[in-house]
1. Determine, yes or no, whether Lys284 is open to solvent by 10 Å² or more (accessible area, probe 1.4 Å) and within 28 Å of Gly413 (Cα to Cα).
2. Where residues in segment 426-449 are over 12 Å from Thr464 (Cβ atoms) and either among the β-branched types (Val, Ile, Thr) or assigned to a strand (DSSP E or B) (or both), which of them is least open to solvent (accessible area, probe 1.4 Å)?
3. Report whether or not Gly430 is touching an Asp or Glu at 6+ places or on another chain (Cβ under 8 Å), more than 14 Å from ligand 1 (Cβ to nearest atom), closer than 28 Å to Leu303 by Cα and not basic (Lys, Arg).
4. Please enumerate the residues belonging to segment 366-398 that are open to solvent by 10 Å² or more (accessible area, probe 1.4 Å), in a helix (DSSP H, G or I) and within 12 Å of ligand 3 (Cβ to nearest atom).
5. Please report, ordered by residue number, the strands (runs of 3 or more DSSP E) entirely within segment 202-317 with at least 2 residues that are within 16 Å of ligand 1 (Cβ to nearest atom), in contact with a Lys or Arg (Cβ under 9 Å, 6 or more places away or on another chain) and closer than 24 Å to Leu484 by Cβ.
6. Any residue that is more than 16 Å from ligand 1 (Cβ to nearest atom), open to solvent by less than 10 Å² (accessible area, probe 1.4 Å), out of contact with any strand residue (DSSP E or B) (no Cβ under 7 Å at 6 or more places or on another chain) and closer than 24 Å to Met306 by Cα - is there at least one of those in segment 512-519?
7. Which number in (1) within 14 Å of ligand 2 (Cβ to nearest atom); (2) buried (at least 24 other Cβ atoms within 10 Å of the Cβ); (3) not aromatic (Phe, Trp, Tyr) marks the one condition that Gly312 misses?
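The values are calculated or read from the model by the stated rules, or taken from the named source; none is laboratory data. Fair warning: this is a prediction, and the values are worked out from it, not measured in the lab. Cβ placement follows ideal geometry from the backbone for every residue including glycine, while neighbour counts extend to all protein chains displayed. Ligands, DNA and RNA are excluded from the accessible area calculation, which covers all protein heavy atoms including side chains. Shrake-Rupley method; radii C 1.70, N 1.55, O 1.52, S 1.80 Å.
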Amino acid sequence: MKITVQKGDITQVQADAVIVNLFEGVKKTVGGTAAVDKALKSAISDELRLSSAFSGKLGETCVLNAYQAIPARYVIVVGLGKAEEFDSAKIRRATASAIRACQKLQVKSVTSILPELSKSSSSEGQSPETLARLLLEGTLLGAYQFTGGKSKEKLKKAPQRVQKFIVVEQDSKKISAIKKGVKMGQGIAGGTNATRDLVFDSPNHVTPTYLKKMAEALAKESAELTVKVLAQKDLLKLKMGAFLSVAKGSDEAPYLIHLSYKPKLARGAKSKKGKVKKVALVGKGISFDSGGLSLKPPKSQELMKMDMAGAGAVMGVMKAIGELGELDVQVDAFIATCENMPSARASKPGDIVTTRKGTTVEINNTDAEGRLVLIDTMTYAQEKVDPDEMIDLATLTGAQVVALGEIAAASMGTCDDLIERIKKAGEPAGEKFWQMPLYDEYKASLKSDVADLINAGSKGQAGTCSAGMFLKEFVDEGRAWAHLDIAGPAYTTRDFPEVPRGASGFAVRTLLYYLYGLS
Ligand code: BES
Ligand code: ZN
Ligand code: ZN
């Protein structure tokens, strides 16, 4: 979709469809919506007065034919919900809903005003930049569709998609702020949609090698990103026995991918600000989780292409940062990627492996593989960059899905403040994180008779917490660390305007909101 920002009158723009908006229960239209209403001889007001089907509820849309009163053929009025309940997540939802209505009409070009500010609404404080960003987030997230698996023949026959999106604003003073917001929104939605593509796509396509190539491409495209890839022989040299034990059952080569974003300041530019904050992101990238010799039943294997959603989210975040830049935080992303397969070379239940840290682990269940690749990668991340904060993302446990469903991710770690800040960043981003405890008592379930630790010890009790506890064993004393188990929300069954059914791209927005301090 090509995006442009234009100064002018919404009723004059050449486009197939016009999107305007209004709050629930309003009697009188305002701003750009009023201008279109007037041009349409009060068709919008009449609809509000006479129809019980449209009252401006959040995400509700009403399609009117313009009958040549304006250049556009259709007018889509989208409900913003109650003015006093208006917030960032609602703007995203309303704008996503509007673009979906446009897709249904199969129009090529669309123009839209910013969501209307109203004196009584809670959005009054939001700047044109923020509104433009949210408009673009909603539009691009709502327009998303995964088409990577369809044949060319099928795609040719697919319905027309929106190709051109024009943001219109009357006030020339707001244009440069709107342009900034548009760029940010494009970056955030682009990162999320890239993650969705990775997670939706099939495991014979999105292999560890594919992820490696994508990381290399991101680093090539952005002057601010660098990449270092560790292959199997490097992992051997680094004595990553836990990571390698998962990879060895597969014919696909494993990789530890390190993407790094350094702000100019960290690259040596002079600044009075002093030290740059360093955040490390660690992603679980199991491109397919069969369970290994502790094989999953067929039904449970069906969606295990999504077991790289943590890595996918980290990749999406780095793609956005690479494009957007202008971030005064150093971000180092570590993606641990391999397949978990059964074979004559696969790890066996009972195997004991030595981690990079030196701790030994008895693998009693080869299906608890995520924690094995993560621990060596977390050890490496801490050695390599000594981060101020380390955040890992993983589709780690089925127990997380049982506990919180697809609605929220589980968060836990060593720093309540960091966990709280991530939760807070998730609110305007429209993503929920719920903290789970890491009680010392959970450690008892990780005891092995023959090694230092056992990888899957919980036996049906607090599986998410005991997995978190296992990871905690590999976090340095005093390190601020948050573990985000996204098993449920990463791949969903419910369709929302801004989140399609299936691969959601969960956590990309929250992390970008967190890093950029957005609201
Ligand atoms: N990848 C799975 C977790 C998972 C399950 C993600 C469902 C998304 C949806 C993970 O590797 C796994 O299999 N975990 C086991 C751990 C157990 C053996 C201790 C689980 O949760 O059953
Ligand atoms: Zn598993
Ligand atoms: Zn897994």
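1. Criteria not met by Lys284.
2. Selected residue: Phe433.
3. Considered against the rule, which asks whether it is touching an Asp or Glu at 6+ places or on another chain (Cβ under 8 Å), more than 14 Å from ligand 1 (Cβ to nearest atom), closer than 28 Å to Leu303 by Cα and not basic (Lys, Arg), Gly430 comes out as yes.
4. Arg371, Gly398
5. 277-289
6. There is at least one residue in segment 512-519 that is more than 16 Å from ligand 1 (Cβ to nearest atom), open to solvent by less than 10 Å² (accessible area, probe 1.4 Å), out of contact with any strand residue (DSSP E or B) (no Cβ under 7 Å at 6 or more places or on another chain) and closer than 24 Å to Met306 by Cα.
7. (1)
So that you can scan it fast, the table gives a plain yes or no per residue for (1) among the hydroxyl-bearing types (Ser, Thr, Tyr); (2) within 14 Å of ligand 2 (Cβ to nearest atom):
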{"site": "Ser343", "(1), (2)": "yes, no"}
{"site": "Lys348", "(1), (2)": "no, no"}
{"site": "Thr354", "(1), (2)": "yes, no"}
{"site": "Thr359", "(1), (2)": "yes, no"}
{"site": "Glu369", "(1), (2)": "no, yes"}
